[in-house]
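Written out below as structure tokens is the structure these notes cover.
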Amino acid sequence: MPTCLVTGGAGFLGSHLCDELLARGHRVICIDNLETGSLQNITHIRDSEQFKFLHCDIIEPYFVDEPVDFVYHLASPASPIDYLRLPLHTLKVGSYGTHHTLGLAKAKRARFLLASTSEVYGDPQQHPQSESYWGHVNPIGPRGVYDEAKRYAEALTMAYRRQQGVDTAIVRIFNTYGARMRPRDGRAIPTFLRQALQDRPLTVFGDGSQTRSFCYVSDLIRGLIALAESGYHEPVNIGNPDEFTLLELAEVVLEVTDTSAEIVFDALPTDDPKQRRPDITLAGELLGWKPQVALRDGLKLTIEHSGTDVLAG
Ligand code: NAD
């Protein structure tokens, strides 16, 4: 049975990944400093013999005293509220944290998967975004700390592969949602759900015409594991290509929560991308992967698995 190390394993995506790996019979070592994650996300698996939690900040060198077959490197602040609050930490996790984790994968001769992001495409000049697009990122804007940390982490991953022979993979994750997102993490879906369930106005940035695509968490995790278990080394987009304007998303949230709160508009954040949709041709050809959960169904599952009181914050 393979042993998988998951950095950021107590976070939103990391904890779902730990669940799925355990369900598939893998042993899981979860590493997290709990900066934006929480022990609550892993309480239900902490007593499993196949699960180990190490409270550790990967910005410092760290060691694991047992064999490891797969390293899933997810640790990083991920929501704008977090990386704007923690700009230097975000850059350090992407640089030192990724160095230490790649070094560990090298020492263990493990397959390494970097959780990168669609944000490496910045405010894209290509639509939809395919892996061959190099991006359009403002390095000195407030979001630059996240976008550039991930771009650096990608460069580092390729260097460890080319120079050190580490078996690496890179997944570019597009917006993903599901239970265990924090109601106040500032991302659109938890914010709209919280506001709708509190019967408060839904706050849409700008005029709401900017587009996003939203992937349900179980689809994303399936893609992540398929990529880790493939032998592929170049970046692969994983996300749902169904594209919605933010205004449409707000309307769908009102529909599935059966509320009639009003929609209000607020200033657009700096460097907010105007369009976001993955080209998932490569993931389809390489992994036979495509998303299965449509937005309305995923939102209903999120509400069902979270409980309305948790989502309402
Ligand atoms: P999250 O904030 O819920 O999880 C990140 C986890 O990393 C947290 O548990 C946090 O405590 C941990 N962490 C942060 N710094 C650390 C450090 N120095 N040492 C150890 N642990 C540390 O975010 P998420 O949404 O689950 O994102 C997980 C990964 O996926 C991130 O790398 C993020 O960039 C990437 N990603 C997520 C999305 C999305 O839509 N959720 C989209 C693109 C990319």
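The set of residues in the range 16-37 that are open to solvent by 40 Å² or more (accessible area, probe 1.4 Å) and either at pLDDT below 95 or of a type in the set (A, V, I, L, M, F, W, C) (or both) comprises A23, L34. Consider the range 53-105 and keep the residues that are of a type in the set (F, W, Y) and near the ligand (Cβ under 9 Å from one of its atoms). The one that is farthest from T168 (Cα to Cα) is Y83. Selection within the range 165-183: residues that are closer than 22 Å to K300 by Cα and more than 10 Å from the ligand (Cβ to nearest atom). The member of this set that is surrounded by the most Cβ atoms within 10 Å (Cβ to Cβ) is A179. Consider V68 carefully, then state whether it is farther than 15 Å from L224 by Cβ and surrounded by fewer than 21 Cβ atoms within 10 Å (Cβ to Cβ). It is true that V68 is farther than 15 Å from L224 by Cβ and surrounded by fewer than 21 Cβ atoms within 10 Å (Cβ to Cβ). Put simply, of A250, A226, A196 the only residue that is open to solvent by less than 40 Å² (accessible area, probe 1.4 Å), more than 15 Å from the ligand (Cβ to nearest atom) and not assigned by TED's automatic domain parsing to the domain that holds H305 is A226. Across the range 71-88, the number of residues qualifying as open to solvent by less than 10 Å² (accessible area, probe 1.4 Å) and in contact with a strand residue (DSSP E or B) (Cβ under 7 Å, 6 or more places away or on another chain) comes to 3. Annotation: A115 fulfils all but one of (1) modelled with pLDDT of 95 or more; (2) farther than 16 Å from T176 by Cβ; (3) touching a Gly at 6+ places or on another chain (Cβ under 9 Å); (4) not in a helix (DSSP H, G or I); the unmet one is (2).
Of the residues Q50, Q40, the single one that is more than 10 Å from the ligand (Cβ to nearest atom), open to solvent by 20 Å² or more (accessible area, probe 1.4 Å) and either outside the structural domain of A228 (by TED's automatic domain parsing) or within 17 Å of A179 (Cβ to Cβ) (or both) is Q40. Checked against the criterion of being in contact with a Gly (Cβ under 7 Å, 6 or more places away or on another chain), more than 25 Å from Q292 (Cβ to Cβ) and among the acidic types (D, E), the range 144-153 contains one or more residues that satisfy it.
The residues listed here are A179, A153, A226, A169; of these, the one that is within 17 Å of the chain's Cα centre (by Cα), outside any helix (DSSP H, G or I) and under 28 Å from H99 (Cβ atoms) is A169. For the range 229-267, the set of residues classified as in a loop (DSSP other than H, G, I, E, B) and of a type in the set (A, V, I, L, M, F, W, C) consists of A261, A267, listed by residue number.
Contact annotation: residue pairs with Cβ atoms under 6 Å, 6 or more positions apart or on different chains, pairing a residue in the range 163-186 that is touching a residue at least 40 places away in the same chain (Cβ under 8 Å) with a partner that is near the ligand (Cβ under 7 Å from one of its atoms) and of a type in the set (F, W, Y), are R180/F12; M181/F12. Residues that are in contact with a helix residue (DSSP H, G or I) (Cβ under 8 Å, 6 or more places away or on another chain), in contact (Cβ under 8 Å) with a residue 24 or more places away in the chain, closer than 30 Å to V166 by Cα and of a type in the set (V, I, T) are absent from the range 244-263.
Using the structure shown, decide if I31 is in contact (Cβ under 8 Å) with a residue 12 or more places away in the chain, within 14 Å of the ligand (Cβ to nearest atom) and in contact with a His (Cβ under 7 Å, 6 or more places away or on another chain). For I31, the condition - in contact (Cβ under 8 Å) with a residue 12 or more places away in the chain, within 14 Å of the ligand (Cβ to nearest atom) and in contact with a His (Cβ under 7 Å, 6 or more places away or on another chain) - is not met.
Residues that are within 12 Å of the ligand (Cβ to nearest atom) and either assigned by TED's automatic domain parsing to the domain that holds A78 or surrounded by fewer than 18 Cβ atoms within 10 Å (Cβ to Cβ) (or both) occur at least once in the range 120-134. When the range 257-299 is filtered for residues that are at pLDDT 95 or above, surrounded by fewer than 18 Cβ atoms within 10 Å (Cβ to Cβ) and of a type in the set (A, V, I, L, M, F, W, C), the ones remaining, listed by number, are L286, A294.
Residues G186, G239, G206: which one is open to solvent by 20 Å² or more (accessible area, probe 1.4 Å) and within 16 Å of the ligand (Cβ to nearest atom)?
That would be G186, the only listed residue that is open to solvent by 20 Å² or more (accessible area, probe 1.4 Å) and within 16 Å of the ligand (Cβ to nearest atom).
Of all residue pairs spaced 6 or more apart or on separate chains, those with beta-carbon atoms under 8 Å, a first member in the range 1-14 that is more than 12 Å from the ligand (Cβ to nearest atom) and a second member that is among the basic types (K, R) are M1/R27; P2/R27; T3/R27; C4/R27.
The values are calculated or read from the model by the stated rules, or taken from the named source; none is laboratory data. Treat the numbers as computed from the prediction; the structure is a model and nothing was measured. Cβ: placed from backbone, ideal geometry, glycine included. Neighbour counts: every protein chain shown. The accessibility values were calculated without ligands, DNA or RNA, using every heavy atom of the protein model including side chains. Shrake-Rupley method; radii C 1.70, N 1.55, O 1.52, S 1.80 Å.
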